[in-house]
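Enquirer: The structure under discussion is supplied below as structure tokens; questions concerning it will follow.
The values are calculated or read from the model by the stated rules, or taken from the named source; none is laboratory data. Since the structure is predicted, the reported quantities are computational estimates derived from the model, not experimental observations. Ideal geometry is used to build each Cβ from the backbone, glycine not excepted, and the neighbour counts take in all protein chains shown.
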């Protein structure tokens, strides 16, 4: 019986830079940073969720052959890889807080039937949803047409 | 180990230009403006963007607007005309033509056939974007459709 999801992999261009981004900008805590020869194992996680870690992996040998690693790096830089959904209890406040720390957003907080949602990128180009979920899905709720969503001032 | 190939910087710039379109699609944005903000000449930008993403930036931006229009048609209590201008088109005719080209039906037909969606908007934004799998090929564009032609 599987009892949970405990580690998820996120490909990053540079582990050191990603470690700083996730801890200093996103506010995650560092869980592990250890090396085994050339192989460096770095995991981070949200402070309130001790059971789930993200392992920040560089696309490189020995896990990937050079050609595949190059392809993953290109996909990261092009920004087409999505890494998941981050939960927040206040999307607007978190958006302001992270923006102030220099986190790049693709979408400002927007109303959706399932909650309020913004979209951000990590320092490698992975996109994350930042979602403040409503208790219950409300399919009759207004969808924010985000008319102002595109303008940043 | 942490080698950064030069073309990654180039790809990152292209991504930032794409993000700009994803963020400001509702604004009066065109390819010249995006290229200028990204620091490219128009021709170089169009060529590079197409090489990286399989279609021209003009197509991408209009695809993004059509995708946002689909979202609004499904979920917002607005007229087709209101939606057309909201998503950044300046004429109803070009909006309907592009919509039908990309989606296969007119905006009104789409609205009649589409119940409200339950797919998270972020995934719709990132996945349904400008890259519509129903489009035949990125090379089957009509002349002048945002391409350099």
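Enquirer: What residue, among those in region A:88-104 that are surrounded by 13 or more Cβ atoms within 10 Å (Cβ to Cβ) and over 18 Å from residue A:23 (Cβ atoms), is farthest from the chain's Cα centre (by Cα)? Before you say what the answer is, go through the steps one by one.
Expert: To start, the set of residues in region A:88-104 that are surrounded by 13 or more Cβ atoms within 10 Å (Cβ to Cβ) comprises A:88, A:91-92, A:94-95, A:97-99, A:103-104.
Subsequent filtering for residues that are over 18 Å from residue A:23 (Cβ atoms) retains A:91-92, A:95.
Working: A:91: 14, A:92: 17, A:95: 13 Å.
Result: A:92.
Enquirer: With the requirement that a residue be assigned to a helix (DSSP H, G or I), in contact with a helix residue (DSSP H, G or I) (Cβ under 7 Å, 6 or more places away or on another chain) and without any contact (Cβ under 8 Å) to a residue 24 or more places away in the chain, what does region A:64-96 give you? Walk me through how you get there before you give the answer.
Expert: So in region A:64-96, the residues assigned to a helix (DSSP H, G or I) come out as A:66-78, A:91-96.
Imposing the further condition that a residue be in contact with a helix residue (DSSP H, G or I) (Cβ under 7 Å, 6 or more places away or on another chain) reduces the set to A:73-74, A:77-78.
Within region A:64-96, A:74 is the sole residue that qualifies.
Enquirer: Which one of the conditions (1) closer than 23 Å to residue B:100 by Cβ; (2) within 12 Å of chain A (Cβ to nearest Cβ); (3) without any contact (Cβ under 8 Å) to a residue 24 or more places away in the chain; (4) surrounded by 19 or more Cβ atoms within 10 Å (Cβ to Cβ) does residue B:19 fail to meet, given that it meets all the rest?
Expert: (1)
Enquirer: With respect to residue A:18, is the statement that it is touching a residue at least 24 places away in the same chain (Cβ under 8 Å), surrounded by 15 or more Cβ atoms within 10 Å (Cβ to Cβ) and not in a strand (DSSP E or B) true?
Expert: yes
Enquirer: Filter region A:35-62 down to residues that are part of a loop (DSSP other than H, G, I, E, B) and within 14 Å of the chain's Cα centre (by Cα) and give me whichever is surrounded by the fewest Cβ atoms within 10 Å (Cβ to Cβ). It would help to see each step written out before you state the result.
Expert: Let us first name the residues in region A:35-62 that are part of a loop (DSSP other than H, G, I, E, B), namely A:37-38, A:46-52, A:58-62.
Filter once more, keeping what is within 14 Å of the chain's Cα centre (by Cα): A:46, A:52.
Numbers: A:46: 17, A:52: 14.
Out of the qualifying residues, it is A:52.
Enquirer: When the residues of region A:118-143 are narrowed to those that are at the interface with another protein chain (Cβ under 8 Å from one of its Cβ atoms) and surrounded by fewer than 18 Cβ atoms within 10 Å (Cβ to Cβ), which ends up modelled with the lowest pLDDT? First the steps, then the outcome.
Expert: Within region A:118-143, the first condition is being at the interface with another protein chain (Cβ under 8 Å from one of its Cβ atoms), and the residues that meet it are A:119, A:121, A:125, A:127, A:129, A:131, A:137, A:139, A:142-143.
Right, trim to surrounded by fewer than 18 Cβ atoms within 10 Å (Cβ to Cβ) and you get A:137, A:139, A:142.
Values: A:137: 73, A:139: 67, A:142: 61.
Top of the filtered list is A:142.
Enquirer: Here is a follow-up. Which condition number does residue A:32 fail, the rest of (1) over 14 Å from the mean Cα position of the chain (by Cα); (2) under 24 Å from residue B:8 (Cα atoms); (3) part of a strand (DSSP E or B) being met?
Expert: All conditions pass for residue A:32, except number (2).
Enquirer: Need the failing condition index for residue A:13 against (1) part of a loop (DSSP other than H, G, I, E, B); (2) at pLDDT below 95, just the number.
Expert: Residue A:13 satisfies every listed condition except (2).
Enquirer: How many residues does region A:97-117 hold that are free of Cβ contacts under 8 Å to residues at least 40 places away in the same chain, touching a strand residue (DSSP E or B) at 6+ places or on another chain (Cβ under 9 Å), farther than 22 Å from residue A:76 by Cβ and within 11 Å of chain B (Cβ to nearest Cβ)?
Expert: 7
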